[in-house]
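Since the structure comes first, as structure tokens, the remarks are kept for the end.
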Amino acid sequence: MSNQTEAIADIVVKFQARDLEGIRPYIHSDFTWFDHAGTIVLQGAEVFLEAIERTWRENPNVVNTSSLCLQVGNLVSHTESFREYTDGHIEDWVWVYEFEGDAILKMYGFLNASAL
């Protein structure tokens, strides 16, 4: 595994453990999350980390599972599923991460609309 694929695997574990400080080093300060259409969902590492924390607060039982990562150059992709939302919905995502060094600079999210 490369540093980048190890980072994604570790983020998944840190999410499960509710370890925000463990996730922080992997998120570039200029982080941007894009949706499937290329629209910016949010910008900035702190904004992203606050969104994760809000998810945990609003959905205390939410759990995630991940596929193995694939890497081409500085791009890493995997699928991730989220279950146990308070309202009962399920989310299945395909993520593509663009790294700068060992930190995620850009994240592209493709949500399986049928999961909503």
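Available extension along the chain between Leu49 and Asp102 is 17.4 nm, counting 0.36 nm per residue and deducting the alpha carbon span. Placing pseudo-labels 7 Å out from each Cα toward the beta carbon at Tyr85 and Gln71 gives an inter-label distance of 3.1 nm. Ranking Val72, Gln16, Ile52 by how far each Cα lies toward the positive end of the dipole of the chain (charges on Cβ) leaves Gln16 at the top. Phi angles across the stretch 80-97 convert, under the Karplus curve 6.51 cos²θ - 1.76 cosθ + 1.60 with θ = phi - 60°, into 3J(HN,Hα) values of 9, 10, 10, 10, 6, 5, 4, 8, x, 6, 10, 10, 10, 10, 10, 10, 10, 10 Hz, Gly and Pro given as x. 3J(HN,Hα) couplings calculated from phi for the stretch 63-74 with the Karplus curve 6.51 cos²θ - 1.76 cosθ + 1.60 (θ = phi - 60°) are, in sequence order, 10, 10, 9, 9, 7, 5, 8, 10, 10, 9, x, 9 Hz; Gly and Pro show x.
Computed over the chain, the percent of Cα pairs more than 16 Å apart is 60. About its Cα centre, the chain has a charge dipole of approximately 120 debye under the convention of +1 per Lys or Arg Cβ and -1 per Asp or Glu Cβ, with nothing else charged. Taking every alpha-carbon pair under 8 Å whose residues sit at least 6 apart, the chain reaches a relative contact order of 26 percent. The stretch between Asn61 and Asn3, if pulled fully straight at 0.36 nm per residue, gains 18.0 nm over its current Cα-Cα span.
Values quoted throughout were computed directly from the atomic coordinates according to the rules given, and no laboratory measurement underlies them. Note that the structure is predicted; figures quoted are calculated from it, not measured. Positions of Cβ are generated from backbone atoms using ideal geometry, with glycine treated the same way; all protein chains shown enter the neighbour counts.
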